[in-house]
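Remarks on the structure that follows.
The values are calculated or read from the model by the stated rules, or taken from the named source; none is laboratory data. The structure presented is a predicted model; accordingly, all values stated were derived computationally and were not measured. Cβ coordinates were reconstructed from backbone atoms using ideal geometry, including for glycine residues, and neighbour counts include every protein chain displayed.
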Amino acid sequence: MNHPGETCKETVSQGGGGGVRPLPATAAIEQTIKEFIPASWFHPVGIFKVLARVQDRLPDVSGKLFLTLTLDPKNYANEEAGFEDSRQWMRKVFYQLRHGVEHEGKTYAIDAPYCVKVEFHESGWVHYHCIFLTHRFLPKELLAELWGLGWVKVQRISNQDFHYLLKYVTKAEDLPEWVLKRKRLRVFQTTKGFLKPLPKENRAKSALAELRPKRHRASYTIDERFRRWASMGVIRRNGNARAVRFRVPYREIFDHLVLGAALDGRYKGSGEIIIPRKEGLRLWLSTQQQLLQMRN
């Protein structure tokens, strides 16, 4: 990317973390830069990276029990309080169902693996979609009585609707403020037995990964992670990739440079730009500086 001995001043690493690393140029090898796409449930493209990890392990849910649990805002002081209370209460409801509950002279027991997908209304209030791997019947009235925090739906689901449910994205800019301030939020959870077992070769890789020393991860809020991701690009060269983090959103720099790149024949489409070997990131850095000066 740069001339020998020349070092980029940006933060460069595999995952966008700290540490300055030179990216030596190699003649006759094309180098490109593209927007960084995080593996995130809240990114319209990054969500497919998340799903790729479990795609081959998703079960057949056709005709299985599909529950939707919502909250009545009147029961809580705010949206976050509702989330904290309801997710704990949901576990208790499922525990009761697992051990059997009497309703109108009959006992209903739902003891099957399940998943929970967390979503948010535009108002900021949470709701839950739950799929149990069972065809058993569950009266809506019984679920409403057990839940008691708002409204419920009891339905059957198809595989098509399940995959749509998983791909549904609440974009980062639409998340409520209380979510952005959190450090973690488990959007999709499964109990044992819901996902298909890992293939043998993947189990071996997973076992080896557990033996490696775990790297310390910086602790950022969800909002801070979004901001960091937005300032990152990915440089690709000869099958290798490195992340580079700018001091302004990557898209702002890209929008200033894409027309010139297209006129020079360096725009490859799909947001990818060829970086001239002799120039390296100089133009990107100078554009970044101009944008920073405009802000001051």
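Cβ separations smaller than 6 Å between residues 6+ apart or across chains give the following pairs from region 219-242 residues that are in contact (Cβ under 8 Å) with a residue 40 or more places away in the chain to residues that are of a type in the set (Lys, Arg): 221/181; 221/183; 222/182; 232/245; 234/34; 235/242.
Of all residues in region 155-190, exactly one satisfies the criterion of being in contact with a Gly (Cβ under 7 Å, 6 or more places away or on another chain) and of a type in the set (Lys, Arg), namely 156.
Where the second residue is in a loop (DSSP other than H, G, I, E, B) and the first is of a type in the set (Gly, Ala, Ser) and lies in region 113-136, which pairs have Cβ atoms under 6 Å and are six or more apart or on separate chains? Hits for this filter: 124/176.
Table: residues versus (1) part of a loop (DSSP other than H, G, I, E, B); (2) assigned by TED's automatic domain parsing to the domain that holds residue 230; (3) farther than 16 Å from residue 63 by Cα.
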{"position": "116", "(1), (2), (3)": "no, no, yes"}
{"position": "124", "(1), (2), (3)": "yes, no, yes"}
{"position": "128", "(1), (2), (3)": "no, no, yes"}
{"position": "142", "(1), (2), (3)": "no, no, yes"}
{"position": "149", "(1), (2), (3)": "yes, no, yes"}
{"position": "156", "(1), (2), (3)": "no, no, no"}
{"position": "164", "(1), (2), (3)": "no, no, no"}
{"position": "170", "(1), (2), (3)": "yes, no, yes"}
{"position": "185", "(1), (2), (3)": "yes, no, yes"}
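Would you be able to say whether some residue in region 115-129 is touching a Lys or Arg at 6+ places or on another chain (Cβ under 6 Å), under 28 Å from residue 42 (Cβ atoms) and either at pLDDT 95 or above or crowded, with 17+ Cβ neighbours inside 10 Å (or both)? Looking for residues that are touching a Lys or Arg at 6+ places or on another chain (Cβ under 6 Å), under 28 Å from residue 42 (Cβ atoms) and either at pLDDT 95 or above or crowded, with 17+ Cβ neighbours inside 10 Å (or both), one finds at least one in region 115-129, hence yes.
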